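S.K.: Structure in structure tokens, see below.
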């Protein structure tokens, strides 16, 4: 059986990975929407858990991956002034 190792990330790394603030990461964990583990007095986040949250529909407490990136197609164009 193949053992799978999961990457652990700090709150700052997890926030950068998901494209949200570190404060928001801690809020989600405090509300039980993100699982975290305590290692040596630090809270760490498993990449698989972050991926699970990202794949969970927003209505169920997650955030779809496509919401994370702002693309040129979904930006509001600037209004031309004369």
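S.K.: By how many nm would the segment from residue 55 to residue 6 grow when fully extended, if each residue of separation counts as 0.36 nm and the alpha-carbon distance is taken off? Can you show the working numbers first?
M.R.: On the way: separation 49, 0.36 × 49 = 17.64 nm, distance 1.70 nm.
Extending this stretch completely gives an extra 15.9 nm.
S.K.: Moving to a separate point now. Which value in nm describes the separation of the simple spin-label points at residue 16 and residue 35, placed 7 Å from the Cα toward the beta carbon?
M.R.: The answer from the label model is 2.5 nm.
Every number in this text was worked out from the coordinates using simple rules, so none of it is lab data. Note that the structure is a prediction, hence the values are computed from the model and not measured. Cβ atoms come from the backbone with ideal geometry, glycine included; neighbour counts cover every protein chain shown.
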